[in-house]
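All remarks here apply to the structure that follows.
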Amino acid sequence: MANPKVVIKYKKIFINNEFVDSKSGKTFPSINPVNESVVAEIAEGDKADVDAAVHAAKSAFEHGSEWRSLQPAQRAILLNKLADLIDRDAEQIANIQTLENGKPYVQSFGEVKIAANIFRYYAGWCDKIYGETLPTDDGQLVITRKEPIGVIGQITPWNAPIALLAFKWGPALAVGCTVVLKPAEQTPLCTLHVTALTKEAGFPKGVINVVPGYGPTAGAAVSEHPDIVRIAFTGSVEVGKKIMIASGNSNLKRVTLELGGKSPLVICDDVNVDEAVKIAHEAIFANSGQICVAASRTYVHSKIYDEFVKKSKELALKRKLGDPFDSTVAQGPQVDKEIFDRAMNYIKIGKESGAKLEAGGERLGTVGYYIKPTIFSNVTDDMVIAREEIFGPVQQILKYDNFDDVIKRANNTTYGLGAGIITNDINKALKFSQAVESGNVWVNQYASLLPSAPFGGYKQSGIGRELGADALENYLETKTILIKLTPPA
Ligand code: NAD
């Protein structure tokens, strides 16, 4: 498919089920990273718009409101309807996302389908969330209720904007909260298309509100807002720390953070090297390396190290870069100039560090933010490229001899989001899975995802979990009710 004609219908702030201009009248551009052209101008939200959105969400959450009066099963119907509408518009949403972030269309489409299934998963939870009756003496009844906590602030990044929107809306709406979302400034348009579908699905006004804009303005206003009781953030560690500070300085809002990573992938010497090379290749180069769980430290046993490096290089040199709407293209551009420059700077640091450049190491062409798949071998743990998140198509291949030692090396990081092992030895697979300090571990595959499987990080990769039943707890308070019973007359 070559650049399709994409009709952009929704470019404004969404409050109370209406698309409105920003109060300041300002707009900002969404840029196509393939050719640096403007896709569209979008209403730029700021504090005043966030205030209006939170006001709407607060009214929608009031006792007796239409939303609070729904049976839980009716919320499930709405979530299922939204999932069906996302499926109906999947091509359109994927087209817009690819225009905005340069991800190959086929992958954008797959991500949209994942989002629909996440909504279906959470639809199933709506009427299955309940408290307990506690054992006590005859003189009282003690029960707990699981209650929705209120207005939720949500901030998403650009690398998987639709899936991450579903990570956040699914559980929050299933339990009955209301939301104010600030999408990444690079991908507002695909987010707004899904937003429009929530109205079509029949969600009452004020339940879902979306304020596009920049991080330090609209994002900060969400993180500081006194009427937002929880914030769910996905993005960088740097901004995650700001979110926590804003919470402490405002109303101690609860905080869920999904942050960065420097994820290890261990390749044992008992594997089929061709297969292992392919898994490791996709684990780092998918989405141009812009994945939070990207396997950016590939640890390879010394016995197969040279063969592994040689075959990885061959594969990287074959990887096709180009128009993300071309179905034969595996890799699009980086999302924007800042992310491009940051990755190119790490490549420069890698070249100067003594690591061996095996492939890539430079941009492709002069227009668009394309970086050739880059491989460094002879990387050691102390090098900057082995310690810091690059968020680009740059594979670091490290050597190991001893299995226990490589587990220690894998854990020697401030991050703990993803980890993987490729082996045919069940003992090694299980030992690694148990010992690695990481929220997600993959064995003989990498980066697979299930709506029912909790996702999140150890250490500075985050706080809390999204997806699965765990995520529901983020949006619930437990209320204990103790009732004294009248003694018999
Ligand atoms: P970023 O932190 O710069 O931006 C993410 C979001 O935060 C955007 O919506 C942005 O506008 C907003 N933001 C920026 N400054 C803010 C502020 N001061 N207050 C409130 N909001 C603010 O992240 P990025 O560089 O665009 O995205 C890449 C990072 O996200 C990487 O570190 C990556 O690992 C991480 N990430 C993590 C996951 C995960 O699930 N753990 C998923 C995707 C991306």
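For residue 345, indicate whether it is within 16 Å of the ligand (Cβ to nearest atom), farther than 18 Å from residue 283 by Cβ and without any contact (Cβ under 8 Å) to a residue 24 or more places away in the chain.
Values: within 16 Å of the ligand (Cβ to nearest atom): yes; farther than 18 Å from residue 283 by Cβ: yes; without any contact (Cβ under 8 Å) to a residue 24 or more places away in the chain: yes.
So residue 345 fits the description; yes.
Answer with yes or no whether residue 212 is within 16 Å of the ligand (Cβ to nearest atom), free of Cβ contacts under 8 Å to residues at least 12 places away in the same chain and within 19 Å of residue 22 (Cβ to Cβ).
Working: within 16 Å of the ligand (Cβ to nearest atom): yes; free of Cβ contacts under 8 Å to residues at least 12 places away in the same chain: no; within 19 Å of residue 22 (Cβ to Cβ): yes.
Judged against the criteria, residue 212 is not a match.
A quick yes/no check of all residues on (1) touching a residue at least 24 places away in the same chain (Cβ under 8 Å); (2) out of contact with any helix residue (DSSP H, G or I) (no Cβ under 9 Å at 6 or more places or on another chain); (3) among the acidic types (Asp, Glu); (4) under 23 Å from residue 380 (Cα atoms):
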residue	(1), (2), (3), (4)
298	yes, no, no, yes
307	yes, no, yes, yes
324	yes, no, no, no
330	yes, no, no, no
333	yes, no, no, no
340	yes, yes, no, no
**Message:** I need a count of the residues in the stretch 168-199 that are under 23 Å from residue 334 (Cα atoms) and in a helix (DSSP H, G or I).
**Reply:** 6
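Before we move on, is residue 210 more than 30 Å from residue 288 (Cα to Cα), buried (at least 24 other Cβ atoms within 10 Å of the Cβ) and either modelled with pLDDT of 95 or more or among the β-branched types (Val, Ile, Thr) (or both)?
So residue 210 does not fit the description; no.
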**Request:** Spot the failing condition for residue 304; the list is (1) more than 27 Å from the chain's Cα centre (by Cα); (2) under 18 Å from residue 445 (Cβ atoms), and only one is missed.
**Result:** (2)
**Message:** Among (1) crowded, with 20+ Cβ neighbours inside 10 Å; (2) without any contact (Cβ under 8 Å) to a residue 60 or more places away in the chain, there is one condition residue 245 misses while meeting the rest; what is its number?
**Reply:** (1)
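Taking the stated definitions as given, is residue 248 more than 27 Å from residue 453 (Cα to Cα), away from the ligand (no atom under 12 Å from the Cβ) and among the small types (Gly, Ala, Ser)?
Details: more than 27 Å from residue 453 (Cα to Cα): yes; away from the ligand (no atom under 12 Å from the Cβ): yes; among the small types (Gly, Ala, Ser): yes.
In short, yes.
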**Prompt:** Of the residues that make up the stretch 216-231, is at least one in a helix (DSSP H, G or I), surrounded by fewer than 23 Cβ atoms within 10 Å (Cβ to Cβ), hydrophobic (A, V, I, L, M, F, W, C) and outside the structural domain of residue 413 (by TED's automatic domain parsing)?
**Reply:** yes
**Message:** Whether any residue in the stretch 185-202 is charged (D, E, K, R), within 8 Å of the ligand (Cβ to nearest atom), in contact with a Gly (Cβ under 6 Å, 6 or more places away or on another chain) and under 26 Å from residue 103 (Cα atoms) is what I want to check.
**Reply:** no
**Request:** May I ask you to say which residue of 447, 429, 419 is surrounded by fewer than 22 Cβ atoms within 10 Å (Cβ to Cβ) and either within 16 Å of the ligand (Cβ to nearest atom) or part of a loop (DSSP other than H, G, I, E, B) (or both)?
**Result:** 447
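The values are calculated or read from the model by the stated rules, or taken from the named source; none is laboratory data. All of these numbers come straight from a predicted model, not from anything done at the bench. Cβ sites come from the backbone with ideal geometry, for glycine too, and all protein chains shown count toward neighbours.
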